[in-house]
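Where a number appears in this text, it was derived from the coordinates with a stated rule and is not lab data. All values reported here derive from a predicted model rather than from experimental measurement. Positions of Cβ are generated from backbone atoms using ideal geometry, with glycine treated the same way; all protein chains shown enter the neighbour counts.
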Amino acid sequence: MDLENNIFMRALRREQVERTPVWLMRQAGRYQPEYRAIRAKMSFLELCHNSQVAAEVTTMAVDMLQVDAAIIFADILLPLQCLNAGLRFAQGDGPVIDNPIRLASDVDKLSLFDIEEGLGYVFQSIKLFVKERPLVPLIGFAGAPFTLASYLIEGGSSRNFERTKAFMYQEPQAFARLMAILTDVTIAYLLAQVAAGAHCLMLFDSWVGTLSREDYESSVLPYSKQIFAALASAAPSIHFGTATGGMLDLIAAAGSTVVGVDWRMDLASAWQMIGDKAVQGNLDPTVLLADRALIKERTQLVLDKAGGRPGHIFNLGHGIGKDTPVDNVKYLVDLVRELSSKPRG
């Protein structure tokens, strides 16, 4: 079967499929003993930069779980390394930005870079995976400008994003310059992933749910629209953020092919807000810590909420947690295949 007739690719186009396709965010990660063994030998950033190992980790997850799509092993923050932000991952503390943006003048200190030179190792990982698994759709991805900006301004992770919002309110021109820079970087990065062989593109706006509708519409949506307009003729796209239940209609208006939904919202209600698009989601990842009876019940509920409509791609409402039993993840994938293949009614 050629790739365009793959079940995942057909679901992206909202065609009728024989069952619901499934892949999982963070399907390669710390819940896997094999992944932990690799990480014992190298840091997270070393893994990302090692194209051969990154491709192997990507392949390992597909083979282990038998999912319908792969997502290249990388991180949304990698472009920040090339902007001389001083990105590092502290043990137990997550990402740290050593050169955060605190003043309007700091935006002008960001270093523009050549995409191929700065992020070529990601493109090489993509090429290696596509060569190894030519019939498996590969998702390339990037962090959205607001989420990247929030890390740059906060200096790392945050709960309330007060510094980011304060900068957006107090320095609107500098914030707009920052968003424009990150938008250009994101577009170039994603298009280069397509050129390397990616079949679908995903934009992670992980922290945009911290904003009000008004702030999203005025300060983020125009840049998201610019990105998806640039990607429209290159590859189908998925747009995902967390805690976005109050603005899914605006996120849908940004122009992606698919809208991802987190676990906080009923899938049927979310689809009603999203409208005439494919939808991805949305099992709560922590359900995979439960017994199999509950996993089956909640998986069936997600499928019931999708109602057999064309364009549903099963996924979690966030990434797989590090303490999740591998067997439960495999069970979930098998369940989706089994339950979605049964005739309705």
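Looking only at residues of region 107-130 that are part of a helix (DSSP H, G or I) and without any contact (Cβ under 8 Å) to a residue 12 or more places away in the chain, we find that the one that is nearest to the chain's Cα centre (by Cα) is 120.
Would it be correct to say that residue 110 is over 18 Å from residue 185 (Cβ atoms) and either surrounded by 14 or more Cβ atoms within 10 Å (Cβ to Cβ) or touching a Ser or Thr at 6+ places or on another chain (Cβ under 6 Å) (or both)? Spelling it out, it is not the case that residue 110 is over 18 Å from residue 185 (Cβ atoms) and either surrounded by 14 or more Cβ atoms within 10 Å (Cβ to Cβ) or touching a Ser or Thr at 6+ places or on another chain (Cβ under 6 Å) (or both). Within region 283-299, restricting attention to residues that are surrounded by 15 or more Cβ atoms within 10 Å (Cβ to Cβ) and out of contact with any strand residue (DSSP E or B) (no Cβ under 7 Å at 6 or more places or on another chain), the residue that is nearest to residue 262 (Cα to Cα) is 284.
Identify, by number, the condition in (1) out of contact with any Cys (no Cβ under 9 Å at 6 or more places or on another chain); (2) surrounded by 22 or more Cβ atoms within 10 Å (Cβ to Cβ); (3) closer than 21 Å to residue 154 by Cα that residue 185 doesn't meet. Every listed condition holds for residue 185 apart from (1). Among the residues of region 263-295, those that are in contact (Cβ under 8 Å) with a residue 40 or more places away in the chain, farther than 21 Å from residue 13 by Cα and out of contact with any Asp or Glu (no Cβ under 9 Å at 6 or more places or on another chain) comprise 283, 288, 295.
When 55, 142 are checked against the criterion of being under 16 Å from the mean Cα position of the chain (by Cα) and closer than 29 Å to residue 332 by Cα, 142 stands alone in meeting it. Pick from region 20-43 the residues that are surrounded by fewer than 17 Cβ atoms within 10 Å (Cβ to Cβ) and touching a residue at least 60 places away in the same chain (Cβ under 8 Å): which of them is nearest to the chain's Cα centre (by Cα)? Filtering region 20-43 for residues that are surrounded by fewer than 17 Cβ atoms within 10 Å (Cβ to Cβ) and touching a residue at least 60 places away in the same chain (Cβ under 8 Å), the one nearest to the chain's Cα centre (by Cα) comes out as 30. Is it fair to say residue 294 is within 20 Å of residue 68 (Cα to Cα) and not in a strand (DSSP E or B)? No, not satisfied.
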